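Report on one structure; see the data block that follows.
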Amino acid sequence: MDVKQLVEQAIKARESAYVPYSNFKVGAVLLTDEDEVVEGCNIENASYGLTNCAERTAIFKAVSQGQKNFKAIAVVGDTEGPISPCGACRQVMAEFCAPETKVILANLKGNVVETSIEELLPGFFSSKDLNK
Ligand SMILES: O=c1ccn([C@H]2C[C@H](O)[C@@H](CO)O2)c(=O)[nH]1
Ligand SMILES: [Zn+2]
């Protein structure tokens, strides 16, 4: 897996961001188990709270295409350090990222960190917790 290339693809995906309110573009890409890349960007709304972050756009796109197993997710924004996904995205990532899925967080200055969902959201709520 080429981390640098995934970050570059996320920077490209970022260009599609619809951000008339924050003017803060974010791009994300998923690398599926079949080595397909699925892009996402943040999509804002005049009703601000309906905004969909780049990470969730990419995940929802991939799942709607029948792909829900991922080797990696990369997220990029114009942040001081590597971007830090919001809580909602962390929980959605937890649903679809395996413990070994690489979570790559970056900014436009070349700062990159590789982490995992367990590190981003320790003890996340999961279907394993449901007594059925
Ligand atoms: O990891 C992040 C952090 C923020 N945003 C978006 C939401 C909103 O459109 C803008 C400012 O918060 O950035 C993302 O897409 N991903
Ligand atoms: Zn988010």
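Here, each number is a calculation from the coordinates, and none is a lab measurement. A quick note: this is a predicted structure, and the numbers were derived from the prediction, not measured. Don't worry about glycine lacking a Cβ; one is built from the backbone with ideal geometry, like all the others, and counts go over all protein chains shown.
Over all distinct Cα pairs, what is the inverse of the mean 1/r for the range 3-122, reported as the Kirkwood hydrodynamic radius in Å?
After inverting the mean inverse Cα-Cα distance, the result is 13.8 Å.
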Can you give the Rg to Rh ratio of the range 2-48, both from alpha-carbon atoms, with Rh computed by the Kirkwood formula?
-> 1.08
Rank PHE96, SER84, THR51 by how far each Cα sits towards the positive end of the charge dipole of the chain (+1 on Lys, Arg Cβ; -1 on Asp, Glu Cβ) and give me just the farthest.
-> THR51
So what's the back-of-envelope 222 nm ellipticity for the chain, counting only DSSP H runs of four-plus at -39500 (n - 2.57) apiece and dividing by all residues, rounded to 500?
-> -8000 deg cm²/dmol
Please report, in debye to the nearest 20, how large the charge dipole of the chain is about its Cα centre when each Lys and Arg carries +1 at its beta carbon and each Asp and Glu carries -1 there.
-> 260
HN-Hα J couplings of the range 113-127 from phi, Karplus 6.51/-1.76/1.60, θ = phi - 60°, integer Hz, Gly and Pro as x?
-> 10, 10, 9, 9, 5, 5, 6, 6, 9, x, x, 4, 5, 9, 4
Which far-off residues, 5 or more places away or on another chain, put their amide H under 5 Å from the one on ILE104, with H placed in the peptide plane?
-> ILE73, ALA74, VAL75, THR115
DSSP-defined beta bridges in the chain - what % are antiparallel, rounded to 5 = 70
